[in-house]
Amino acid sequence: GVMSAVATARFKVSRSDPVSSLTSPRISDHLRDLVDLKGTSRDPNGIAEVRISFDNGLSFNRVQGTENWSYRLDTRLLADGTQAVLVRAVDATGAEGLFTTTINIDNHAPDLVVDSPADGEVFAERLRVDGSTRATIGVSALAASITPMAGTAGTARPVEVVLTRAGTLSQDVDIAGLAPGWYNL
């Protein structure tokens, strides 16, 4: 029948982990130079902090904001190609939620090698263009410009040619309508 002092214990309840999303840029965008990543993080207990990682979680950087956040990224610090992005949000109770997505970095121009025609080579009706292109992200369009050099009679404007294949290039171009003379490709 002896009463003790009242004992109390405080505890936190979190019924779910925070949920985050990257709202901008879109997953299909190709990013270069400085870009602003924007996102949201939600939890019924409120968001205490949000951090973002570009090295598979080895390190995290604090973003600006909590529920609506942004992060300025210099994409030149990352390799071209698809890169993983991890967003870690912590709610007011300390529960963590992890969101993973990807971004596409494209800071470098494609490599282009023209194997043919060789300098000084002579053509009459058809010009054979051989070579290759390579890019981490891919080549979306490929074109050539045939420009008359000074002293070439006839056509004064460049001739634009859409090349039909990226990767390994091998295409005949009709040059029968060009005036005799020297041209740059």
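The values are calculated or read from the model by the stated rules, or taken from the named source; none is laboratory data. All values reported here derive from a predicted model rather than from experimental measurement. A quick note on method: Cβ atoms are made from the backbone with ideal geometry, for glycine too, and the neighbour counts reach across all protein chains shown. The accessibility values were calculated without ligands, DNA or RNA, using every heavy atom of the protein model including side chains. Shrake-Rupley method; radii C 1.70, N 1.55, O 1.52, S 1.80 Å.
Can you put Val2, Val85 in order of accessible area, largest first, using a 1.4 Å probe?
Working: Val2 145, Val85 0 Å².
The most accessible residue leads, giving Val2, Val85.
Taking all protein chains as present, what is the carbon and sulfur share of the accessible area of region 29-169, in % to the nearest whole number, probe 1.4 Å?
Details: 4040 of 8290 Å².
Using a 1.4 Å probe with all protein chains present, region 29-169 comes out at 49 percent carbon and sulfur.
Among 28-37, 98-107, how do they line up by average Cβ neighbours within 10 Å per residue, starting with the highest?
On the way: 28-37: 13.0, 98-107: 16.9.
The most tightly packed comes first, giving 98-107, 28-37.
Could you state the per residue volume, in Å³, of the convex hull enclosing the Cα atoms of region 53-164?
Numbers: hull volume 19.3 nm³, N = 112.
Given the Cα convex hull of region 53-164, per-residue volume reads 172 Å³.
Looking at Ile52, Ala143, Ala92, which one has the Cα that reaches farthest to the positive end of the dipole of the chain (charges on Cβ: Lys, Arg +1; Asp, Glu -1)?
Ala92
What is the gain in length, in nm to one decimal, between Val6 and Asn61 on full extension, counting 0.36 nm per residue of separation less the C-alpha to C-alpha distance?
Contour length minus the Cα-Cα distance gives 15.4 nm.
Can you list which of the GluC sites (Glu not before Pro) found in region 72-144 are DSSP loop residues with at most 16 other C-beta atoms within 10 Å?
Passing both the DSSP loop test and the Cβ count: Glu121, Glu125.
Note the full-extension length gain between Asn184 and Glu121 as 0.36 nm times their separation in residues minus their Cα-Cα distance, in nm to one decimal.
Values: separation 63, 0.36 × 63 = 22.68 nm, distance 1.13 nm.
21.5 nm is the gain from fully extending Asn184 to Glu121.
Could you give the dipole magnitude of the chain about its Cα centre, charging the beta-carbon of Lys and Arg +1 and that of Asp and Glu -1, in debye to the nearest 20? Intermediate values should be presented prior to the final figure.
On the way: 17 positive and 22 negative charges, 193 e Å.
Here the chain has a charge dipole of around 920 debye.
Return the distance in nm (one decimal) between the two label points of a simple spin-label model at Arg42 and Ile27, each offset 7 Å from Cα along Cα→Cβ.
The answer from the label model is 1.8 nm.
For region 1-80, with equal point scatterers placed on the C-alpha atoms only and solvent neglected, what are the log10 I(q)/I(0) values from the Debye formula at q = 0.11, 0.20 1/Å, to two decimals?
For region 1-80, the Cα-only Debye profile gives -0.43, -0.99.
Could you sort 170-183, 58-71 so that the peptide with the highest average Cβ count within 10 Å comes first and the rest follow in order? Walk me through the numbers on the way to the answer.
On the way: 170-183: 13.0, 58-71: 15.1.
Going by the mean number of other Cβ atoms within 10 Å, highest first, we get 58-71, 170-183.
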